[in-house]
Structures are given as structure tokens and as C-alpha cells.
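A quick write-up on the structure given underneath.
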Amino acid sequence: MADLRLIYGFHAVTSRIRQNPDGVLEIYLQSQRTDPRMRDLMKLAEDNGVRIIPVDAKRLDGMAGGTRHQGVAARVDAARRVQHLEDVLDTIEEPPLLLVLDGVQDPHNLGACLRSADAFGVHAVIAPKDRAVGITATVEKVACGAAETVPYITVTNLARTLRELQERDIWVVGAAGEAEQDLNSFKHTRALAWVLGAEGEGLRRLTRETCDELVRIPMLGSVESLNVSVSAGICLFESRRQRAA
């Protein structure tokens, strides 16, 4: 069953066509724009068989309802997201960087995690089908387009999925406040999956036991823990920093 909705902006639309062109029904392009960026998007759409509809700026403004659209919108089938982890991993040309969320149930936290994932080039966000919020309208709004650009993959058995990642030589690291090793001493620049737990509960026992190692974020203040999206941003930033170095 189709779940049609509009997405906006060059980055969101381009990423959606590249990742899942069958889920893009048509794109609306501001007819007054003829710059190279617009021509590149038109060619991408044509190459993938996506219908192009030229519209004027006023109509796009009305469609977007105040959202900054950059002269680009697309009608997509949100039910046809990338569903299989293998589809993502088989197309990555660098060591994978993944974010695994163990039962995050707050839509604002998930939306913020997706924004961090997009910002730091995460190839996919993985979460269990049960005890997790999933992609909702609130998540998409908080994510500011990242719900369309980052593959969000739900799995039936999270521990089994982690073991499958390990079989692909992806190092699985859980963020846990009680871990002996802290982020300052953690060094790893190859394929990596960060695993973060739900709000207040942290990692579940089986998830924790499946990780290759546990790492804590050093805390200097009086609070005991950070919001999961903040923790995700810190861990992902450190991974990208190490790779760049």
C-alpha cells in the first residue's frame, strides 16, 4: 500500500533518487531555474526514469507550505524505502559506518539521530521492528530531510543482525556509561557499527553481550548520561575525525 508524501530540497531529492528511484513517482522543478545544479538533477531523474514536472515558484511555495524547497520537490512512496541491509552494504565503496539504535522510542530523539547520521556520512541506521518508534511524521520533521537521505532499516532480531555485521568484518561497538574504555582511547578507522541504547535504559543485555567491545563517553559534569542523539553525534564525529586523520 502506497504512503505518498512530498520531500523538498536538492539533497533530499537527489539522495532519494540515487538510493531508491523506484520509490520516486515524480519530481517538481522550478521552471525559472536553469543552473548546473538543476540540470544535473534533471539528468539524474531522466537516467532513472523519474517523471519531471516543471512548475513555477508560486506553486512550489504552496506545495511546500513554507518549507525551504530550493526549487525542487518530489512525490515519493514512503512505503518503498530501502528495506534490506545487504542492499546498502553491497554498494558502499568505503569502510561502512553504521548507527544501530537499540529500541529508541522517542520520535524527537530518532529524528535528531537521523540528522547526526546524515551529517557524519552514516551509511545506514538500523533498529529493531519492535520497541522502537519507526519513521513517523514527527521523526521526519525533526530529521529535516535526513529521514529521506539515510537508509533506515528495521530488523526482526537485532542481536542476530549484529552477528551478521561481524561476519562481514564490521566491528560492533556499544556506547555504555559503565565501560572501562573511554572514547579518547578508542581507535578504529575501519568498518564500524556504533550501537546506542534507548532513553534511560541503555543497551539491552543481549545487545551488550553481542558487541565486540564497549566504550564510554567521558563525562566531566554532574549529569550521569547524555541524550541518545547527542551521544550518537559525539561517537560519529569521533569516527569521522579518526578516518580523516
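The values are calculated or read from the model by the stated rules, or taken from the named source; none is laboratory data. Note that this is a predicted model, so its numbers are computed, not measured. Note that we place each Cβ from the backbone using ideal geometry, even for glycine, and neighbour counts take in every protein chain shown. The protein model used for the area step is the full one, side chains on, heavy atoms only, and it has no ligands, DNA or RNA in it. Shrake-Rupley method; radii C 1.70, N 1.55, O 1.52, S 1.80 Å.
Here is how the numbers come out for the structure above:
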{"item": "Matching residues in region 203-216 - criterion: being without any contact (Cβ under 8 Å) to a residue 40 or more places away in the chain and more than 16 Å from LEU165 (Cβ to Cβ)", "result": "ARG205"}
{"item": "Hits in region 119-130 (condition: in a loop (DSSP other than H, G, I, E, B) and open to solvent by 20 Å² or more (accessible area, probe 1.4 Å))", "result": "PHE120, GLY121, HIS123, LYS129, ASP130"}
{"item": "Residue within region 16-28 that is within 26 Å of ASP118 (Cα to Cα), among the aromatic types (Phe, Trp, Tyr), part of a strand (DSSP E or B) and at pLDDT below 85 present", "result": "no"}
{"item": "Test: TYR28 is hydroxyl-bearing (Ser, Thr, Tyr) and open to solvent by 40 Å² or more (accessible area, probe 1.4 Å)", "result": "no"}
{"item": "Test: LEU206 is farther than 30 Å from PRO21 by Cβ and in contact with a Lys or Arg (Cβ under 8 Å, 6 or more places away or on another chain)", "result": "no"}
{"item": "Scope region 8-25; condition under 17 Å from ALA57 (Cα atoms) and open to solvent by 10 Å² or more (accessible area, probe 1.4 Å); matching residues", "result": "TYR8"}
{"item": "Of residues in region 143-164 being open to solvent by less than 20 Å² (accessible area, probe 1.4 Å) and of a type in the set (S, T, N, Q), the one modelled with the highest pLDDT", "result": "THR161"}
{"item": "Restricting region 85-118 to residues that are open to solvent by 10 Å² or more (accessible area, probe 1.4 Å) and within 9 Å of the chain's Cα centre (by Cα), the residue that is nearest to THR14 (Cα to Cα)", "result": "ASP118"}
{"item": "Any hit, region 192-209, residues being in a loop (DSSP other than H, G, I, E, B), more than 16 Å from ASP102 (Cβ to Cβ) and open to solvent by 70 Å² or more (accessible area, probe 1.4 Å)", "result": "no"}
{"item": "Selected residue (only one of GLU140, GLU213, GLU180, GLU167 is charged (D, E, K, R), over 17 Å from PRO96 (Cα atoms) and surrounded by fewer than 13 Cβ atoms within 10 Å (Cβ to Cβ))", "result": "GLU180"}
{"item": "Subset of region 157-174 (residues that are of a type in the set (Asp, Glu) and assigned to a helix (DSSP H, G or I))", "result": "GLU164, GLU167"}
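Residues checked against (1) out of contact with any His (no Cβ under 7 Å at 6 or more places or on another chain); (2) free of Cβ contacts under 8 Å to residues at least 40 places away in the same chain; (3) not small (Gly, Ala, Ser):
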{"position": "SER31", "(1), (2), (3)": "yes, yes, no"}
{"position": "GLN70", "(1), (2), (3)": "yes, no, yes"}
{"position": "ALA73", "(1), (2), (3)": "yes, no, no"}
{"position": "ASP77", "(1), (2), (3)": "yes, no, yes"}
{"position": "LEU89", "(1), (2), (3)": "yes, no, yes"}
{"position": "VAL104", "(1), (2), (3)": "yes, no, yes"}
{"position": "VAL139", "(1), (2), (3)": "yes, yes, yes"}
